[in-house]
Amino acid sequence: QVQLVESGGGLVQTGGSLRLSCAASGRTFSSYAMGWFRQAPGKEREFVAAISSSGGSTWYADFVKGRFTISRDNAKNTVYLQMNNLKPEDTAVYYCNVDRSSLRLRFGKYDYWGQGTQVTVSS
């Protein structure tokens with residue numbers, strides 16, 4: 001059974017940085033795409049970034065391009081999200097998920113999610 005544990009969130013000021021981590025367990029994920037999503041209060045969960053199984057391809061939502069970088073360590077079954085130049089509108093709970101299909105991953109239609117990690121950006 002897949003388990004996802006997100007960490008690294010916190011409170012930062014506008015312009016600050018955070019690095020999120022998501023550790024996946026339950027199987028070997030080297031053949032899975034991995035991705036990040038976020039959900040702000042009162043809003044639906046939305047796609048943020050995804051990375052292919054090899055790490056050779058990445059995809060980003062327009063609102064984070066140039067500010068966020070996704071990476072992964074297959075030896076650790078872990079995906080990271082480096083977030084720079086944070087803005088108050090980035091405030092949300094951040095979640096990760098995995099899928100064999102990078103396209104399906106970006107739709108984010110899953111029943112299972114980890115507990116997420118809270119990111120709060122103060123103005």
How much net charge surrounds residue 43 when only the other residues with a Cβ under 13 Å from the Cβ of residue 43 are counted, with Lys and Arg +1 and Asp and Glu -1?
-2
Work through the residues other than residue 90 whose Cβ is under 9 Å from its Cβ and net out their charges, Lys, Arg +1 and Asp, Glu -1.
+2
Hey, if you put +1 on the Cβ of every Lys and Arg and -1 on every Asp and Glu Cβ in the chain, which of 102, 68, 36 ends up farthest toward the positive end of that dipole?
102
Taking all protein chains in place and a 1.4 Å probe, what share, in percent, of the accessible surface of segment 9-123 do carbon and sulfur account for?
47 percent
Probe 1.4 Å, protein heavy atoms only - accessible area per residue of the chain in square angstrom
51 Å²
For the chain, modelled as a Gaussian network with Cα springs under 10 Å, which listed residue fluctuates most, 32, 95, 110?
110
Would you kindly state how much longer the chain becomes between residue 112 and residue 23 on full extension, computed as 0.36 nm times their sequence separation minus their alpha carbon distance, in nm to one decimal?
30.6 nm
With a bin width of 5 angstrom, please list the P(r) values of the chain as percents of all Cα-Cα pairs, from the 0 bin to the one holding the largest distance.
2, 13, 24, 27, 19, 10, 4, 1, 0
Could you compute how much accessible surface residue 78 exposes when probed at 1.4 Å, giving the result in Å² to the nearest 10?
20 Å²
Can you put 93, 48 in order of accessible area, largest first, using a 1.4 Å probe?
93, 48
Once you've got the GNM for the chain with C-alpha springs shorter than 10 Å, pick whichever of 55, 35, 15 has the biggest mean-square fluctuation.
15
Links that overshoot a 23 Å alpha carbon limit, given the list 43/87; 76/109; 43/109
76/109
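The values are calculated or read from the model by the stated rules, or taken from the named source; none is laboratory data. Computed from a predicted structure; not experimentally measured. Please note: Cβ atoms are built from the backbone with ideal geometry, for glycine as well, and neighbour counts cover all protein chains shown. Side chains are part of the model used for accessible areas, which takes the heavy atoms of the whole protein and leaves out ligands, DNA and RNA. Shrake-Rupley method; radii C 1.70, N 1.55, O 1.52, S 1.80 Å.
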